[in-house]
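The values are calculated or read from the model by the stated rules, or taken from the named source; none is laboratory data. Remember, it's a predicted structure, so these values are computed and weren't measured experimentally. Don't worry about glycine lacking a Cβ; one is built from the backbone with ideal geometry, like all the others, and counts go over all protein chains shown. Note: accessible area is taken over every heavy atom of the protein model, side chains too, but ligands, DNA and RNA are not part of it. Shrake-Rupley method; radii C 1.70, N 1.55, O 1.52, S 1.80 Å.
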Amino acid sequence: MGRRNCVIVADGRGRRLVTSVLALSLLALAGCGQDKGSDAPPAVASGSVSLSPSHGGLQGGNLVLADTGGDTDGPVTVRFGEDEVECEFDDRSARHACVAPARGTPGTVEVSFASGGSDVGEKTAYTYTTQGTQDVPHLTVNTETVRRNAEEIRADFPSNVQLGAVLKNGEPVDVFGKVIEDAAKVDYIFVPKLDDAVALRQAGVEAKIAVLYVAQVEDIPLLMHYDVEVAATDPAWVEAAEQVLATTGGTLKVHLWVDSGMGREGVVPEEALPLARAIEDAPHLDLAGIATHFSTITQEDNDAIERNDTANTTVAQKNRFDDAVTAIRDAGLGKDALIHAGASDVLDQEIEPLYYDLLRIGGMFFGSAAPDDRVYSWTTELSQVKTLPAGWCIDYGCTDPITEPKKVGLVNHIPSRENDLTYTVGGRQVPVLLDHGTVLTLDLSGVPEAAAGDEVVIDFSAEAFHMLDATAPLPVTTTGG
(Lines give C-alpha, C1' and ligand atoms only; values in the text may rest on other atoms or scores of the structure.)
Protein backbone atom coordinates (compact mmCIF):
# COMPACT_ATOMS: atom_id res chain seq x y z
CA MET A 1 0.00 0.00 0.00
CA GLY A 2 1.26 3.51 -0.76
CA ARG A 3 1.09 6.60 1.38
CA ARG A 4 -2.30 7.72 2.62
CA ASN A 5 -3.53 11.27 2.18
CA CYS A 6 -3.29 13.25 5.39
CA VAL A 7 -4.37 16.73 6.42
CA ILE A 8 -3.70 19.09 9.27
CA VAL A 9 -6.81 19.92 11.35
CA ALA A 10 -7.44 21.97 14.50
CA ASP A 11 -8.40 20.10 17.66
CA GLY A 12 -10.69 22.88 18.93
CA ARG A 13 -8.12 24.26 21.38
CA GLY A 14 -5.81 25.95 18.95
CA ARG A 15 -3.47 23.00 18.54
CA ARG A 16 -2.94 21.29 15.18
CA LEU A 17 -3.12 17.56 14.78
CA VAL A 18 -2.08 15.36 11.89
CA THR A 19 -4.92 12.99 11.14
CA SER A 20 -6.28 10.69 8.45
CA VAL A 21 -8.92 12.07 6.10
CA LEU A 22 -11.01 8.94 6.71
CA ALA A 23 -10.86 8.91 10.51
CA LEU A 24 -10.00 12.53 11.43
CA SER A 25 -8.50 11.21 14.63
CA LEU A 26 -5.14 11.09 16.37
CA LEU A 27 -5.40 7.35 16.07
CA ALA A 28 -4.83 7.75 12.34
CA LEU A 29 -1.37 9.23 12.80
CA ALA A 30 -0.09 5.79 11.91
CA GLY A 31 -1.55 6.33 8.44
CA CYS A 32 0.31 9.56 7.82
CA GLY A 33 3.45 7.86 6.62
CA GLN A 34 4.45 5.28 4.08
CA ASP A 35 3.62 1.74 5.12
CA LYS A 36 6.92 -0.01 5.55
CA GLY A 37 7.79 -3.33 7.04
CA SER A 38 10.15 -3.99 9.89
CA ASP A 39 12.85 -4.83 7.34
CA ALA A 40 13.03 -1.20 6.16
CA PRO A 41 16.62 -0.01 6.06
CA PRO A 42 17.70 2.13 9.02
CA ALA A 43 17.79 5.87 8.59
CA VAL A 44 21.02 7.60 7.73
CA ALA A 45 21.96 10.31 10.24
CA SER A 46 22.54 13.63 8.59
CA GLY A 47 23.29 16.01 11.45
CA SER A 48 21.22 18.59 13.34
CA VAL A 49 17.59 18.03 14.26
CA SER A 50 14.76 20.36 15.21
CA LEU A 51 11.33 20.29 16.83
CA SER A 52 8.34 22.48 16.05
CA PRO A 53 7.25 23.58 18.58
CA SER A 54 10.18 23.06 20.91
CA HIS A 55 8.08 23.55 24.04
CA GLY A 56 4.61 22.67 25.28
CA GLY A 57 2.41 22.12 28.31
CA LEU A 58 2.88 19.47 30.97
CA GLN A 59 -0.39 17.81 29.97
CA GLY A 60 1.17 16.65 26.69
CA GLY A 61 -1.04 15.62 23.79
CA ASN A 62 0.11 18.41 21.49
CA LEU A 63 1.53 17.76 18.05
CA VAL A 64 5.30 18.08 17.66
CA LEU A 65 6.78 17.94 14.17
CA ALA A 66 10.31 16.59 14.17
CA ASP A 67 12.98 17.14 11.55
CA THR A 68 15.05 14.12 12.51
CA GLY A 69 18.03 14.96 10.37
CA GLY A 70 17.78 11.41 9.03
CA ASP A 71 17.24 10.25 5.46
CA THR A 72 13.97 8.42 6.12
CA ASP A 73 10.26 8.80 5.68
CA GLY A 74 9.56 5.67 7.67
CA PRO A 75 8.43 5.60 11.29
CA VAL A 76 10.87 6.63 14.01
CA THR A 77 10.94 6.12 17.75
CA VAL A 78 11.34 9.37 19.68
CA ARG A 79 12.30 9.46 23.34
CA PHE A 80 11.17 12.52 25.34
CA GLY A 81 13.27 12.08 28.45
CA GLU A 82 12.20 8.66 29.76
CA ASP A 83 9.07 8.36 27.59
CA GLU A 84 9.05 6.83 24.12
CA VAL A 85 6.53 7.59 21.38
CA GLU A 86 6.24 6.29 17.83
CA CYS A 87 6.17 8.99 15.16
CA GLU A 88 4.99 8.51 11.58
CA PHE A 89 6.09 10.60 8.62
CA ASP A 90 3.74 13.45 7.67
CA ASP A 91 3.70 14.24 3.95
CA ARG A 92 2.37 17.78 4.29
CA SER A 93 5.15 19.07 6.54
CA ALA A 94 7.85 16.59 5.45
CA ARG A 95 8.46 15.99 9.15
CA HIS A 96 7.79 13.16 11.58
CA ALA A 97 4.58 13.78 13.53
CA CYS A 98 4.78 13.03 17.25
CA VAL A 99 2.27 13.48 20.06
CA ALA A 100 4.19 14.81 23.06
CA PRO A 101 3.80 12.66 26.18
CA ALA A 102 2.76 14.22 29.49
CA ARG A 103 5.25 15.06 32.23
CA GLY A 104 4.82 15.71 35.94
CA THR A 105 6.99 18.79 36.42
CA PRO A 106 8.18 21.66 34.23
CA GLY A 107 11.70 21.54 32.84
CA THR A 108 13.70 20.57 29.79
CA VAL A 109 14.17 16.95 28.67
CA GLU A 110 16.56 15.42 26.17
CA VAL A 111 14.99 14.19 22.92
CA SER A 112 16.57 11.44 20.84
CA PHE A 113 15.52 9.58 17.70
CA ALA A 114 15.94 6.00 16.52
CA SER A 115 14.90 4.01 13.45
CA GLY A 116 15.39 0.30 12.89
CA GLY A 117 17.35 0.08 16.13
CA SER A 118 19.84 2.78 15.08
CA ASP A 119 20.14 6.35 16.33
CA VAL A 120 19.00 9.04 13.92
CA GLY A 121 20.67 12.46 13.89
CA GLU A 122 21.71 14.41 16.94
CA LYS A 123 19.91 14.73 20.24
CA THR A 124 17.89 17.86 20.92
CA ALA A 125 15.69 19.20 23.73
CA TYR A 126 12.01 19.82 24.47
CA THR A 127 10.88 22.13 27.25
CA TYR A 128 7.80 21.34 29.34
CA THR A 129 5.94 24.33 30.76
CA THR A 130 2.98 24.87 33.05
CA GLN A 131 -0.40 25.73 31.59
CA GLY A 132 -0.51 29.00 29.69
CA THR A 133 -0.73 30.60 26.29
CA GLN A 134 1.97 28.79 24.39
CA ASP A 135 2.46 31.49 21.75
CA VAL A 136 4.02 33.85 24.31
CA PRO A 137 7.67 33.45 25.33
CA HIS A 138 7.76 30.87 28.06
CA LEU A 139 9.06 32.08 31.40
CA THR A 140 12.07 30.37 32.96
CA VAL A 141 12.32 30.23 36.76
CA ASN A 142 15.71 29.53 38.30
CA THR A 143 14.77 27.48 41.33
CA GLU A 144 18.36 27.38 42.55
CA THR A 145 18.21 31.13 43.21
CA VAL A 146 14.90 30.66 45.05
CA ARG A 147 16.51 27.88 47.12
CA ARG A 148 19.51 30.03 47.97
CA ASN A 149 17.25 32.93 48.99
CA ALA A 150 15.21 30.59 51.21
CA GLU A 151 18.33 29.28 52.92
CA GLU A 152 19.56 32.82 53.59
CA ILE A 153 16.18 33.90 54.97
CA ARG A 154 16.06 30.94 57.36
CA ALA A 155 19.65 31.49 58.49
CA ASP A 156 18.92 35.08 59.61
CA PHE A 157 15.32 34.59 60.71
CA PRO A 158 14.42 35.45 64.34
CA SER A 159 14.40 32.23 66.33
CA ASN A 160 11.25 32.99 68.34
CA VAL A 161 9.08 33.78 65.30
CA GLN A 162 7.41 31.30 62.95
CA LEU A 163 8.18 31.58 59.23
CA GLY A 164 5.31 31.71 56.77
CA ALA A 165 6.02 31.66 53.03
CA VAL A 166 3.58 33.57 50.83
CA LEU A 167 3.25 32.19 47.29
CA LYS A 168 1.15 34.63 45.28
CA ASN A 169 3.22 34.70 42.10
CA GLY A 170 1.57 31.99 40.08
CA GLU A 171 2.94 28.86 38.44
CA PRO A 172 4.63 26.64 39.30
CA VAL A 173 3.40 26.99 42.89
CA ASP A 174 4.07 23.31 43.62
CA VAL A 175 7.73 23.61 42.58
CA PHE A 176 8.16 26.83 44.58
CA GLY A 177 6.51 25.26 47.61
CA LYS A 178 8.73 22.18 47.64
CA VAL A 179 11.93 24.16 47.10
CA ILE A 180 11.11 26.68 49.83
CA GLU A 181 9.86 24.07 52.30
CA ASP A 182 12.98 21.96 51.85
CA ALA A 183 15.38 24.91 52.07
CA ALA A 184 13.76 27.04 54.77
CA LYS A 185 11.75 24.50 56.80
CA VAL A 186 8.80 26.90 56.80
CA ASP A 187 6.03 26.60 59.38
CA TYR A 188 3.27 27.83 57.07
CA ILE A 189 2.65 28.42 53.38
CA PHE A 190 0.02 31.04 52.51
CA VAL A 191 -1.61 30.98 49.07
CA PRO A 192 -4.36 33.07 47.44
CA LYS A 193 -6.63 30.23 46.31
CA LEU A 194 -7.60 26.65 46.99
CA ASP A 195 -6.18 25.35 43.70
CA ASP A 196 -2.71 26.44 44.84
CA ALA A 197 -3.14 24.67 48.16
CA VAL A 198 -4.20 21.47 46.41
CA ALA A 199 -1.18 21.65 44.10
CA LEU A 200 1.12 21.99 47.12
CA ARG A 201 -0.38 19.01 48.89
CA GLN A 202 -0.23 16.90 45.74
CA ALA A 203 3.46 17.83 45.43
CA GLY A 204 4.09 16.46 48.93
CA VAL A 205 4.31 19.72 50.90
CA GLU A 206 3.84 18.90 54.60
CA ALA A 207 3.87 22.39 56.13
CA LYS A 208 0.65 23.99 57.33
CA ILE A 209 -1.17 25.66 54.43
CA ALA A 210 -3.64 28.53 54.65
CA VAL A 211 -5.68 30.25 51.94
CA LEU A 212 -5.31 34.00 52.45
CA TYR A 213 -8.64 35.11 51.06
CA VAL A 214 -12.27 34.10 51.22
CA ALA A 215 -13.04 30.48 50.41
CA GLN A 216 -16.31 29.24 48.97
CA VAL A 217 -18.37 27.31 51.50
CA GLU A 218 -18.90 24.51 48.99
CA ASP A 219 -15.11 24.00 48.94
CA ILE A 220 -14.98 23.12 52.64
CA PRO A 221 -14.92 19.33 52.04
CA LEU A 222 -11.81 19.86 49.89
CA LEU A 223 -10.25 22.08 52.54
CA MET A 224 -10.80 19.31 55.07
CA HIS A 225 -9.49 16.60 52.76
CA TYR A 226 -6.25 18.46 52.02
CA ASP A 227 -5.86 19.83 55.57
CA VAL A 228 -5.94 23.48 54.49
CA GLU A 229 -6.77 26.43 56.74
CA VAL A 230 -8.79 29.39 55.53
CA ALA A 231 -9.95 32.93 56.31
CA ALA A 232 -13.20 33.40 58.24
CA THR A 233 -14.75 36.54 56.80
CA ASP A 234 -17.96 37.24 58.74
CA PRO A 235 -20.54 35.56 61.01
CA ALA A 236 -22.74 34.61 58.04
CA TRP A 237 -19.82 32.70 56.47
CA VAL A 238 -19.17 31.01 59.81
CA GLU A 239 -22.81 29.89 60.06
CA ALA A 240 -22.82 28.53 56.51
CA ALA A 241 -19.48 26.79 57.06
CA GLU A 242 -20.73 25.14 60.24
CA GLN A 243 -23.70 23.67 58.38
CA VAL A 244 -21.35 22.01 55.89
CA LEU A 245 -18.92 20.87 58.58
CA ALA A 246 -21.72 19.22 60.49
CA THR A 247 -21.95 16.78 57.58
CA THR A 248 -18.20 16.22 57.17
CA GLY A 249 -17.11 16.03 60.78
CA GLY A 250 -13.70 17.19 61.94
CA THR A 251 -12.51 20.71 62.71
CA LEU A 252 -11.62 23.42 60.19
CA LYS A 253 -8.93 25.83 61.31
CA VAL A 254 -9.60 29.45 60.39
CA HIS A 255 -7.77 32.77 60.54
CA LEU A 256 -9.65 35.92 61.54
CA TRP A 257 -8.45 38.82 59.43
CA VAL A 258 -8.71 42.37 60.74
CA ASP A 259 -8.75 45.22 58.23
CA SER A 260 -6.70 47.70 60.25
CA GLY A 261 -6.39 50.27 57.47
CA MET A 262 -5.44 48.49 54.25
CA GLY A 263 -8.98 48.40 52.86
CA ARG A 264 -8.54 44.80 51.80
CA GLU A 265 -9.37 41.43 53.42
CA GLY A 266 -10.85 41.24 56.88
CA VAL A 267 -13.42 42.86 59.15
CA VAL A 268 -13.02 46.35 60.62
CA PRO A 269 -11.65 46.23 64.19
CA GLU A 270 -15.04 46.77 65.87
CA GLU A 271 -16.38 43.62 64.18
CA ALA A 272 -13.45 41.39 65.13
CA LEU A 273 -14.80 40.35 68.56
CA PRO A 274 -18.29 39.37 67.30
CA LEU A 275 -16.63 37.30 64.58
CA ALA A 276 -14.35 35.62 67.11
CA ARG A 277 -17.40 34.76 69.23
CA ALA A 278 -19.15 33.29 66.20
CA ILE A 279 -16.10 31.10 65.53
CA GLU A 280 -15.93 30.04 69.18
CA ASP A 281 -19.61 29.08 69.16
CA ALA A 282 -19.19 26.94 66.04
CA PRO A 283 -18.41 23.36 67.18
CA HIS A 284 -16.43 22.52 64.03
CA LEU A 285 -14.30 25.68 63.71
CA ASP A 286 -11.06 26.48 65.50
CA LEU A 287 -9.53 29.96 65.65
CA ALA A 288 -5.95 29.23 64.50
CA GLY A 289 -4.82 32.78 63.76
CA ILE A 290 -5.61 36.49 64.02
CA ALA A 291 -4.05 38.55 61.26
CA THR A 292 -3.79 41.89 59.53
CA HIS A 293 -1.77 43.46 56.72
CA PHE A 294 0.13 46.73 57.02
CA SER A 295 -0.12 49.17 54.15
CA THR A 296 2.80 51.56 54.60
CA ILE A 297 6.03 50.22 56.10
CA THR A 298 8.89 52.77 56.28
CA GLN A 299 12.28 53.10 57.97
CA GLU A 300 10.75 55.57 60.43
CA ASP A 301 8.25 53.07 61.84
CA ASN A 302 10.45 51.76 64.68
CA ASP A 303 10.91 55.20 66.18
CA ALA A 304 7.28 56.10 65.56
CA ILE A 305 6.11 52.95 67.35
CA GLU A 306 8.36 53.71 70.31
CA ARG A 307 6.83 57.24 70.55
CA ASN A 308 3.32 55.92 69.80
CA ASP A 309 3.06 58.57 67.11
CA THR A 310 -0.50 58.00 65.93
CA ALA A 311 0.08 60.32 62.97
CA ASN A 312 2.25 57.54 61.57
CA THR A 313 0.17 55.19 59.40
CA THR A 314 1.81 52.01 60.69
CA VAL A 315 1.34 53.07 64.32
CA ALA A 316 -2.33 53.79 63.69
CA GLN A 317 -2.80 50.38 62.07
CA LYS A 318 -0.85 48.59 64.80
CA ASN A 319 -2.94 50.18 67.54
CA ARG A 320 -6.21 49.22 65.83
CA PHE A 321 -5.01 45.65 65.37
CA ASP A 322 -3.63 45.34 68.92
CA ASP A 323 -6.89 46.67 70.37
CA ALA A 324 -8.87 44.08 68.38
CA VAL A 325 -6.60 41.25 69.54
CA THR A 326 -6.78 42.45 73.15
CA ALA A 327 -10.59 42.59 73.03
CA ILE A 328 -10.73 39.03 71.70
CA ARG A 329 -8.36 37.65 74.30
CA ASP A 330 -9.92 39.61 77.17
CA ALA A 331 -13.13 37.79 76.24
CA GLY A 332 -11.31 34.50 76.76
CA LEU A 333 -11.08 33.73 73.05
CA GLY A 334 -8.17 32.97 70.74
CA LYS A 335 -5.68 32.27 73.52
CA ASP A 336 -3.72 29.88 71.29
CA ALA A 337 -4.26 31.74 68.01
CA LEU A 338 -1.16 32.83 66.13
CA ILE A 339 -0.88 36.60 65.76
CA HIS A 340 0.57 37.55 62.39
CA ALA A 341 0.78 40.84 60.55
CA GLY A 342 4.26 41.54 59.17
CA ALA A 343 5.45 40.74 55.67
CA SER A 344 8.80 40.91 53.83
CA ASP A 345 9.08 44.68 54.29
CA VAL A 346 8.76 44.34 58.07
CA LEU A 347 11.59 41.81 58.20
CA ASP A 348 13.70 43.82 55.77
CA GLN A 349 13.34 46.98 57.89
CA GLU A 350 13.75 44.96 61.14
CA ILE A 351 10.65 46.45 62.76
CA GLU A 352 10.57 43.99 65.65
CA PRO A 353 7.34 45.24 67.32
CA LEU A 354 5.52 43.98 64.21
CA TYR A 355 7.01 40.49 64.23
CA TYR A 356 4.34 39.03 66.57
CA ASP A 357 4.17 35.19 66.39
CA LEU A 358 4.71 34.73 62.66
CA LEU A 359 6.04 36.70 59.68
CA ARG A 360 4.60 36.17 56.20
CA ILE A 361 7.50 36.36 53.73
CA GLY A 362 6.87 36.52 49.99
CA GLY A 363 8.95 38.78 47.78
CA MET A 364 12.22 38.09 49.60
CA PHE A 365 12.21 34.52 48.29
CA PHE A 366 12.21 35.83 44.72
CA GLY A 367 14.66 38.73 44.79
CA SER A 368 17.72 38.62 42.55
CA ALA A 369 20.54 40.72 41.21
CA ALA A 370 20.12 40.19 37.46
CA PRO A 371 21.64 38.86 35.38
CA ASP A 372 23.95 36.62 37.40
CA ASP A 373 21.35 35.05 39.67
CA ARG A 374 18.09 36.05 38.03
CA VAL A 375 14.97 34.22 39.20
CA TYR A 376 12.75 34.99 36.23
CA SER A 377 13.58 35.48 32.57
CA TRP A 378 11.92 35.17 29.21
CA THR A 379 13.82 34.32 26.08
CA THR A 380 12.42 35.14 22.65
CA GLU A 381 13.81 36.45 19.36
CA LEU A 382 13.65 39.45 17.09
CA SER A 383 10.90 38.69 14.59
CA GLN A 384 11.86 41.58 12.28
CA VAL A 385 14.69 44.13 12.03
CA LYS A 386 14.54 47.30 9.91
CA THR A 387 15.72 50.90 9.76
CA LEU A 388 13.09 53.64 10.02
CA PRO A 389 13.65 56.93 8.14
CA ALA A 390 13.90 60.29 9.90
CA GLY A 391 10.49 61.76 10.63
CA TRP A 392 8.89 58.32 11.00
CA CYS A 393 5.99 57.98 13.42
CA ILE A 394 6.17 55.78 16.51
CA ASP A 395 2.81 54.67 17.91
CA TYR A 396 -0.67 56.06 17.35
CA GLY A 397 -1.07 59.82 17.09
CA CYS A 398 2.50 60.36 15.85
CA THR A 399 3.20 62.52 18.90
CA ASP A 400 6.96 61.98 18.89
CA PRO A 401 8.36 61.19 15.41
CA ILE A 402 12.01 60.19 15.25
CA THR A 403 14.46 62.90 14.15
CA GLU A 404 17.03 60.63 12.47
CA PRO A 405 17.13 57.15 10.96
CA LYS A 406 16.81 54.48 13.62
CA LYS A 407 17.36 50.73 13.56
CA VAL A 408 14.52 48.89 15.32
CA GLY A 409 13.55 45.32 16.08
CA LEU A 410 10.10 43.81 16.63
CA VAL A 411 9.20 41.29 19.34
CA ASN A 412 5.82 39.60 19.49
CA HIS A 413 3.44 38.44 22.22
CA ILE A 414 4.97 39.74 25.43
CA PRO A 415 2.61 39.13 28.36
CA SER A 416 1.32 42.23 30.11
CA ARG A 417 3.13 42.85 33.39
CA GLU A 418 2.83 45.26 36.26
CA ASN A 419 6.58 44.95 36.80
CA ASP A 420 9.17 46.86 34.82
CA LEU A 421 10.94 44.72 32.25
CA THR A 422 14.33 45.07 30.61
CA TYR A 423 15.22 43.82 27.13
CA THR A 424 18.72 42.65 26.20
CA VAL A 425 19.95 41.99 22.66
CA GLY A 426 23.51 40.89 21.98
CA GLY A 427 24.38 41.37 25.65
CA ARG A 428 23.25 45.01 25.64
CA GLN A 429 20.11 46.41 27.21
CA VAL A 430 17.95 48.20 24.64
CA PRO A 431 15.15 50.77 25.07
CA VAL A 432 11.49 50.14 24.23
CA LEU A 433 10.04 52.55 21.68
CA LEU A 434 6.54 51.06 21.52
CA ASP A 435 4.75 48.51 23.71
CA HIS A 436 1.41 47.18 22.53
CA GLY A 437 1.76 43.85 24.33
CA THR A 438 1.20 41.72 21.26
CA VAL A 439 4.04 43.58 19.53
CA LEU A 440 6.96 45.62 20.87
CA THR A 441 9.35 47.84 18.96
CA LEU A 442 12.85 47.94 20.43
CA ASP A 443 15.47 50.60 19.73
CA LEU A 444 18.49 48.74 18.29
CA SER A 445 20.63 51.83 17.74
CA GLY A 446 23.16 50.47 20.23
CA VAL A 447 23.26 47.02 18.61
CA PRO A 448 24.10 47.73 14.95
CA GLU A 449 24.87 44.06 14.23
CA ALA A 450 21.44 42.82 15.40
CA ALA A 451 19.46 40.75 12.89
CA ALA A 452 16.10 39.00 12.72
CA GLY A 453 16.20 35.78 14.69
CA ASP A 454 18.67 37.08 17.29
CA GLU A 455 17.86 36.19 20.88
CA VAL A 456 16.10 38.69 23.13
CA VAL A 457 16.38 38.13 26.89
CA ILE A 458 13.58 39.71 28.91
CA ASP A 459 14.10 40.27 32.64
CA PHE A 460 12.46 41.96 35.52
CA SER A 461 14.18 45.23 36.29
CA ALA A 462 16.72 44.79 39.08
CA GLU A 463 14.93 47.61 40.92
CA ALA A 464 11.46 46.03 40.58
CA PHE A 465 9.60 43.98 43.15
CA HIS A 466 10.23 40.43 42.00
CA MET A 467 6.75 38.94 42.12
CA LEU A 468 4.92 37.50 39.16
CA ASP A 469 1.43 38.63 38.28
CA ALA A 470 -0.64 35.47 38.74
CA THR A 471 -3.86 36.82 37.26
CA ALA A 472 -3.16 35.38 33.80
CA PRO A 473 -1.72 31.92 33.11
CA LEU A 474 1.76 31.96 31.66
CA PRO A 475 3.78 29.02 30.35
CA VAL A 476 6.53 28.55 32.95
CA THR A 477 9.45 26.17 33.05
CA THR A 478 12.24 25.72 35.58
CA THR A 479 15.98 25.36 35.84
CA GLY A 480 18.13 24.57 38.84
CA GLY A 481 16.47 21.33 39.90
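Here the range 196-212 and the range 253-300 have alpha carbon centers that stand 22 Å from each other. Based on the Stokes-Einstein relation at 10 °C and a viscosity of 1.306 mPa s, and on the Kirkwood radius from alpha carbon pairs, the range 73-224 is assigned a translational diffusion coefficient of 85 µm²/s. Ignoring aspartates and glutamates fewer than eight residues from residue 386 along the same chain, the ones with Cα atoms less than 15 angstrom from its Cα are 404, 443, 449, 454. In this structure, the pairs whose alpha-carbon distance is over 32 Å, taken from 168/253; 168/407; 168/318; 123/407; 123/193; 193/318, are 168/407; 123/407; 123/193. Once the C-beta distance of residue 102 and residue 248 is scaled by a Förster radius of 30 Å, the resulting FRET efficiency is 0.40 to the nearest 0.05. Distance between the pseudo-spin-label points of residue 226 and residue 152 (7 Å out from Cα toward the beta carbon): 3.1 nm.
How would 225, 255 rank on accessible area, largest to smallest, probe 1.4 Å? Walk me through the numbers on the way to the answer.
Values: 225 140, 255 5 Å².
Per-residue accessible area, sorted high to low, gives 225, 255.
Report note on the peptides 233-240, 340-347, 257-264: ranked by the mean count of other C-beta atoms within 10 Å, highest first, their order is 340-347, 257-264, 233-240. When the surface is traced with a 1.4 Å probe over the full set of protein chains, residue 325 keeps roughly 20 Å² accessible.
For 413, 138, what's the largest-to-smallest order of accessible area, 1.4 Å probe?
Details: 413 70, 138 40 Å².
The ranking, largest first, comes out as 413, 138.
The listed residues 222, 359, once ranked by accessible area (1.4 Å probe) with the largest placed first, stand as 222, 359. Using only Cα positions of the range 159-291, each an equal point scatterer, no hydration layer, compute I(q)/I(0) via Debye at q = 0.13, 0.21 Å⁻¹ and quote the log10 values to two decimals. Treating every Cα as an identical point scatterer, log10 I(q)/I(0) equals -0.54, -1.23.
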